[in-house]
Structure formats: structure tokens, C-alpha cells
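The values are calculated or read from the model by the stated rules, or taken from the named source; none is laboratory data. What you see is a predicted model, and the numbers here were worked out from it, not measured in a lab. All Cβ positions, glycine included, derive from the backbone under ideal geometry; neighbour counts span all protein chains shown. Ligands, DNA and RNA are stripped out before the accessible areas are found, and what is left, the full protein with its side chains, is counted by its heavy atoms. Shrake-Rupley method; radii C 1.70, N 1.55, O 1.52, S 1.80 Å.
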Amino acid sequence: MSNPVFDQIKNEIDSNAVVLYMKGTADFPSCGFSAKVAHILSDLGVSFKDINILEDDSLRQGLKEFSSWPTFPQLYVKGELVGGCDIVREMYASGELAQLLKDKQIACR
Ligand SMILES: N[C@@H](CCC(=O)N[C@@H](CS)C(=O)NCC(=O)O)C(=O)O
């Protein structure tokens, strides 16, 4: 059966190369974990769409199910979940995140 929230998420991650589902916005994060990932993407010079899950509880709950991931932030690149703060931090530190972005033809430094 089709789920309208899943359709919304699918549309967002298909129409934006990099999507960060977060608490707050990139300019005004409401949580340190979300702030960290937004800063990492900014450090890499990556354009991304920030979506504040605190403004939409059905999206907040629906994403946990859609992604099979219980927390935020959630970083999607080209329609695929990369992970949350811990994973993104590790991938950034090792250079793996920059490599993944380059492999997916996303401009970054
Ligand atoms: N270890 C997590 C930290 C993030 C986390 O624990 N987020 C919590 C608190 S901000 C969360 O999103 N809980 C579910 C919710 O608030 O709906 C990660 O790597 O992203």
C-alpha cells in the first residue's frame, strides 16, 4: 500500500543530490549531532538540502521506518542513506566521505 510520507521522502531524495534530514536547519541547528553533519558538509563545500524534521512529526516518524534508522541526522546522497552523525564523522575523518561524493559526481573540495 502506498504511504504518502514515503512518497514525499522518495521525491525529496530523488530530486536533491544531497539531503540532510536534521533537527533544525543548517543555519540554526537544534541539536549538536545535526549541527556537526551540517558543518562537515559545509567544510566540504557541498550544496545540500536541509530538511527540519522537527516541523513535521509524520516525516520524523516515517523516516525512521523508511530508512530503518532510528535517529537524526540522516544523510542521503543520490537517494541512498549514508548514515548519521557517527558514521559521517568517521567517513569525513578518513576521507571516505569526500571520495563517495566525488564518485557520485557531487562537487566538493
Ligand atoms: N549516534 C547518533 C546520534 C544521533 C542521536 O542520538 N539522535 C537522537 C537524539 S537528537 C534522535 O534523533 N532520536 C530520535 C528522535 O528524536 O526522534 C548518530 O550517529 O547520528
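Accessible area per residue of segment 4-104 at 1.4 Å probe, in Å²?
Counting only protein heavy atoms, the per-residue value for segment 4-104 is 52 Å².
Compare the Cα positions of Met22, Ile53, Ala93 along the charge dipole of segment 19-109 (+1 at Cβ of Lys, Arg; -1 at Cβ of Asp, Glu; about the Cα centre) and return the one farthest towards the positive end.
Going by the charge dipole, the pick is Ala93.
Using alpha carbons only, how many degrees (0 to 90, rounded to 10) separate the axis of helix 85-94 from the longest principal axis of the chain?
Helix 85-94 and the main axis of the chain meet at about 20 degrees.
Could you tell me how many degrees, from 0 to 90 and to the nearest 10, lie between the Cα long axis of helix 32-43 and the main elongation axis, the longest principal axis, of the Cα atoms of the chain?
50 degrees
Angle, helix 4-15 long axis vs. longest principal axis of the chain, Cα atoms, 0 to 90°, nearest 10?
30 degrees
Suppose we keep just the DSSP beta bridges with both residues in segment 4-104; what percent of those would be antiparallel, to 5?
Approximately 65 percent, going by the DSSP bridge assignments.
Quick one, what does Rg over Rh come out to for the chain if you take C-alpha atoms and the Kirkwood Rh?
Rg divided by Rh gives 0.95.
Using a 1.4 angstrom probe with every protein chain in place, what is the largest-first accessible-area order of Met22, Met91?
Per-residue accessible area, sorted high to low, gives Met91, Met22.
Of the heavy-atom accessible surface of segment 4-104 (probe 1.4 angstrom), what whole percent is carbon and sulfur?
Carbon plus sulfur share of accessible area: 48 percent.
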